[in-house]
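K.L.:
My questions all concern the structure below.
Since every read-out is calculated from the coordinates, none of them should be taken as a lab result. Predicted model, so just to flag it, every value in this text is computed and none were measured. Don't worry about glycine lacking a Cβ; one is built from the backbone with ideal geometry, like all the others, and counts go over all protein chains shown.
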Amino acid sequence: MNRTRAPALSLRGIRKTYGSGAGEVRALDGVDLDLPPGSFVSVEGPSGCGKTTLLNLLGLLDVPSEGTVAWDGAPVGSLPERERARRRLTGVGFIFQRFYLLPTLTAEENVALPMRGADRKAADRTTRARALLDSVGLSGRRASRPHQLSGGEEQRVAIARALANEPGLLLADEPTGELDRANTESVLDLLVEAQHSTGSTLVLVTHNPAVARRANRHLTMADGRIVSDVREP
């Protein structure tokens, strides 16, 4: 399977509001951001500052109230939902704090699920799902369901699932927030290895400064705005 090339991401004049009138909440308030292909970026800031909303816009889960989101210079916010869904499926891997594995499926079936949506043949899905579970150290847990796995094992299954369609963009929202220190380091190592080996763009939201230090570009958000953008020399 050919991996999806990492797109150049661009946000211009992004505002995102929810509600109206006295109940209006402005989640993002004038965000401009450029992410070259292959970037590894951490996003920090207090709860409610707009971090998750930013990820949702980058990954085409949401559209801005104002402004433009572009992949490789082409606006994507106004695409039909069917096309947005196709791009999410084939071009974006999402990794969440709470894993969101389907409880009735085995680890192997959870990893294979995105490939089923991309119409890959059953034999190919099985081969790749097993290879991905092997790569995250879970070759012996293929038949286990989520309730039979530890938190660290569940997160590793979630990472394998995110990599299933070889996306060019990996979006991780507090991926280590519920893990102990040892599992945090293990998960970070897996993410960094995946990002380096595929050349994908990795955007990682975290409250943990030690996690953020693994990135080579660091964004800090407050009140819906990017207030600091620091790049490693």
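K.L.:
For labels at S65 and N216 in the simple 7 Å Cα→Cβ model, what's the distance in nm?
P.N.:
A separation of 3.7 nm, rounded to one decimal place.
K.L.:
Which angle between 0 and 90 degrees, to the nearest 10, do you get for helix 107-117 versus the longest principal axis of the chain when only C-alpha atoms count?
P.N.:
The two axes meet at around 60 degrees.
K.L.:
Using the 10 angstrom Cβ neighbour count as an exposure proxy, how do V111, V205 rank, fewest first?
P.N.:
Working: V111 30, V205 25.
Going from sparsest to densest Cβ surroundings: V205, V111.
K.L.:
Determine the percent antiparallel among the DSSP beta bridges restricted to segment 9-231, to the nearest 5.
P.N.:
Of the beta bridges lying entirely in segment 9-231, close to 55 percent run antiparallel.
K.L.:
Also, I was wondering about something else. At q = 0.11, 0.14, 0.15 Å⁻¹, what is the base-10 log of I(q)/I(0) for the chain according to the Debye formula with one equal point scatterer per Cα and no solvent? Please give it to two decimals.
P.N.:
-0.55, -0.89, -1.01
K.L.:
Listed highest first by mean packing, meaning other Cβ atoms within 10 Å per residue, what order do 68-81, 6-19 come in?
P.N.:
6-19, 68-81
K.L.:
Additional query: Quote the charge dipole size of segment 109-230 about the Cα centre in Debye, to the nearest 20; the model charges only the Cβ of Lys and Arg (+1) and of Asp and Glu (-1).
P.N.:
Here segment 109-230 has a charge dipole of around 400 debye.
K.L.:
Restricting to DSSP H runs of at least four residues, report the calculated mean residue ellipticity at 222 nm for the chain, -39500 (n - 2.57) per run over all residues, nearest 500 deg cm²/dmol. If you can, show how the numbers build up before the last one.
P.N.:
On the way: 7 runs with 78 residues, N = 233.
-10000 deg cm²/dmol, from helical runs alone.
K.L.:
Would you grab the residues whose amide H sits under 5 Å from the one on S144? Only those 5+ places off in sequence or on another chain, please, with H modelled 1.01 Å from N.
P.N.:
A107, E108
K.L.:
Debye sum, Cα scatterers, segment 73-115, no solvent: what log₁₀ I/I(0) at q = 0.22 1/Å?
P.N.:
-0.85
K.L.:
While we're on this one: With each label point set 7 Å from Cα along the Cα-Cβ vector, what nm distance links Y100 and V230?
P.N.:
Output for this residue pair reads 3.0 nm.
K.L.:
Could you let me know the centre-to-centre spacing of segment 56-124 and segment 167-233, using Cα atoms, in angstrom?
P.N.:
That distance is 19 Å.
K.L.:
I've got another one for you. Ordered by residue, what ³J(HN,Hα) values in Hz, to whole numbers, does segment 175-184 give under the Karplus form 6.51 cos²θ - 1.76 cosθ + 1.60, where θ = phi - 60° and Gly and Pro are x?
P.N.:
Per-residue couplings from phi come out as x, 10, x, 10, 10, 6, 4, 5, 5, 4 Hz.
K.L.:
A further question follows. Using 1/(1 + (r/R0)^6) with R0 = 35 angstrom and r between the beta carbons of R15 and R181, what's the FRET efficiency to the nearest 0.05?
P.N.:
E between R15 and R181, to the nearest 0.05, is 0.40.
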